[in-house]
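Q: Starting off with a structure, shown below.
FYI, it's all coordinate maths here, none of it is from the lab. In this text the structure is predicted, and so the values were computed from the model without any measurement. A quick note on method: Cβ atoms are made from the backbone with ideal geometry, for glycine too, and the neighbour counts reach across all protein chains shown.
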Amino acid sequence: SLILAIESSCDETSVAVVKNGDIILSNIIATQINSHQRFGGVVPEVASRHHIEQITICIDQSLKQADVDKKDLDAVAVTYGPGLVGALLVGVSAAKAFAYANNLPLIPVNHMIGHIYAARFVKPIVFPSLALLVSGGHTELVYMPSENEFKIIGETRDDAAGEAYDKVGRVMGLKYPAGKAIDELAHEGQDTFHFPRAMEHEDNFDFSFSGLKSAFINTVHHADQINEELSKADLAASFQQSVVDVIVDKTVRACEQLDIKQLILAGGVAANRGLRDALDAKISEKLDDLDFVKAPLKLCGDNGAMIGAAGEMLMRHDQFADMTLNADPSLEFDWEPEAVK
Ligand code: ATP
Ligand code: MG
Ligand code: FE
């Protein structure tokens, strides 16, 4: 099958052509980061305007680069939530118009299922599977007993991991989004500050990063007041070690308690080197039989290809939408299970 996939939930306009769910023929990504940097975060109005300017260009480029004719497509997949409502609406409207004009079925995709399916470009997803989703707006463990069934077994009670990275980055004077820069700094420093590791030993799979963020900010402000110069590399290393320790601990425990065949790491923060390496090490030490799949580095952030991979799976489950499809900014995984185990 050939799917044209559209993503516009936040600050990337992206359109891909994906073949058979796991071959990328094109994956055009127009990022708006430069326009948001001076505000220290994504400005919704600015995001919508950029998507409007970029969407048609991205669709044309994507088809051209894939060397695919409109009439050879089998479906159009689009992110309809969660995300910024104005941003989502641009993608949804464009997808509806394209599907209508070319008489193609429309597949509505949950952005978070998209993140998980970035792993599909590495290898097939085998069930039962567990996904560790770490991104700008989410930090959760998602249990998948079979294809197209999703159950959140743990999630953050306050900030998402990526959000925490971006907030402490701002305090350190780093540009938005700060995740990658902190990751790089962390590799030059040591965990000298020993920030708190919230909920690490609690008997659940939930996370909390706001206490860590506060501890970090207090440390920096206190040093400012007494004119003490702190090592940025050590601050970054300490922050990252705290985030990674909690995430790795909880994820490995979830893997041990659930009867799963595979663990998937996905979402923007899945690009984090510290997290990838620590999970690799812990899993080969404790759960050597488990199939650990990391989303490809280039597909951790928002992109159309992952939406195409998820769209192919949803298409096989006959999950189509009609022209009444609307954006759903607070879309959730909707599977209501009896019990996980
Ligand atoms: P969501 O997917 O939850 O709707 P989003 O789409 O805005 O949110 P993503 O694009 O998936 O989020 O991820 C962006 C986040 O990933 C940012 O917070 C960014 O700082 C973070 N990030 C990117 N690279 C790294 C890295 N190497 N280490 C840590 N964080 C990173
Ligand atoms: Mg983004
Ligand atoms: Fe995302």
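Q: Using the crude model of +1 on Lys and Arg Cβ and -1 on Asp and Glu Cβ, and no other charge, please compute the dipole size for the chain relative to its Cα centre, in debye to 20.
A: Once rounded to the nearest 20, the dipole reads 760 debye.
Q: Let me ask another. Please express the shape of the range 128-263 as an equivalent ellipsoid: the semi-axes are the square roots of 5 times the eigenvalues of the C-alpha gyration tensor, given largest first in whole angstrom.
A: In descending order the semi-axes read 31, 14, 12 Å.
Q: At a 10 Å Cβ-Cβ cut-off, how would you order Lys175, Lys213, Lys286, fewest neighbours first?
A: Lys286, Lys175, Lys213
Q: Cα atoms only: what Rg and Dmax, in Å, come out for the range 7-104?
A: Using the Cα atoms of the range 7-104, the pair Rg, Dmax is 13.6, 42 Å.
Q: Which pairs in the list Lys213/Lys298; Lys250/Lys298; Lys71/Lys261; Lys167/Lys261; Lys232/Lys282; Lys70/Lys175 are over 29 Å apart, alpha-carbon to alpha-carbon?
A: As for pairs spanning more than 29 Å Cα to Cα, those are Lys71/Lys261; Lys167/Lys261; Lys70/Lys175.
Q: To one decimal place, what orientation-averaged projected area in nm² is obtained for the convex hull of the Cα set of the range 261-341?
A: Its average projected convex-hull area is 8.0 nm².
Q: Among Phe195, Ile247, Ile182, which residue has its Cα positioned farthest towards the positive end of the charge dipole of the range 160-298, with +1 placed on the Cβ of Lys and Arg, -1 on the Cβ of Asp and Glu, and the dipole taken about the Cα centre?
A: Ile182
Q: Determine, for each peptide in 133-143, 224-234, 308-318, the mean count of other beta carbons within 10 angstrom over its residues, then list the peptides with the highest first.
A: 133-143, 308-318, 224-234
Q: Please go through the range 153-190 and write out the GluC sites (Glu not before Pro) that DSSP classes as loop and that have at most 16 other C-beta atoms within 10 Å.
A: Within the range 153-190, the qualifying GluC sites (Glu not before Pro) (loop, at most 16 other Cβ atoms within 10 Å) are Glu188.
Q: OK, next. Under unit Cβ charges (Lys, Arg +1; Asp, Glu -1), what dipole magnitude, rounded to 20 debye, does the range 32-135 have relative to its Cα centre?
A: It works out to roughly 180 debye.
Q: Then there is this: Antiparallel as a % of all DSSP beta bridges within the chain, to the nearest 5?
A: 55
Q: Under 5 Å between amide hydrogens, which residues at least 5 positions from Phe207 or on another chain qualify, with H placed 1.01 Å from N in the peptide plane?
A: Glu155, Thr156, Arg157
Q: Need one number for the chain: average projected area of the convex hull over its C-alpha atoms, nm².
A: Projected area, direction-averaged: 17.0 nm².
Q: Over the Cα atoms of the range 249-296, what Rg and Dmax result, in angstrom?
A: 10.2, 27
Q: To continue, here is another question. In terms of the ratio Rg/(2.2 N^0.38 Å) built on C-alpha atoms, what value belongs to the range 1-42?
A: Ratio of Rg to 2.2 N^0.38 Å for the range 1-42: 1.45.
Q: Also, quick follow-up: What nm value, rounded to one decimal, do you get for the distance between Ala223 and Asp259 when each label is placed 7 Å out toward the C-beta?
A: Modelled inter-label distance: 5.0 nm.
Q: Would you list the P(r) distribution for the range 88-155, with all Cα-Cα distances sorted into 5 Å bins from 0 and each bin expressed as a whole %?
A: 4, 14, 21, 19, 14, 14, 11, 3, 0
Q: Could you give the spread of the C-alpha atoms of the range 26-82 along their three principal axes, from largest to smallest, in whole angstroms?
A: Dimensions of the range 26-82 along the principal axes of its Cα atoms: 42, 22, 15 Å.
Q: For Ala97 and Phe127, FRET efficiency with R0 = 45 Å and r from the beta-carbon atoms, rounded to 0.05?
A: 0.80
Q: Choose one of Ser35, Asn303, Gly86: the residue whose Cα lies farthest towards the positive end of the charge dipole of the chain (beta-carbon charges +1 Lys, Arg; -1 Asp, Glu; about the Cα centre).
A: Ser35
Q: Let me ask another. Hey, can you rank 235-245, 195-205 by average C-beta count inside 10 Å, highest first?
A: In decreasing order of mean packing, 235-245, 195-205 become 235-245, 195-205.
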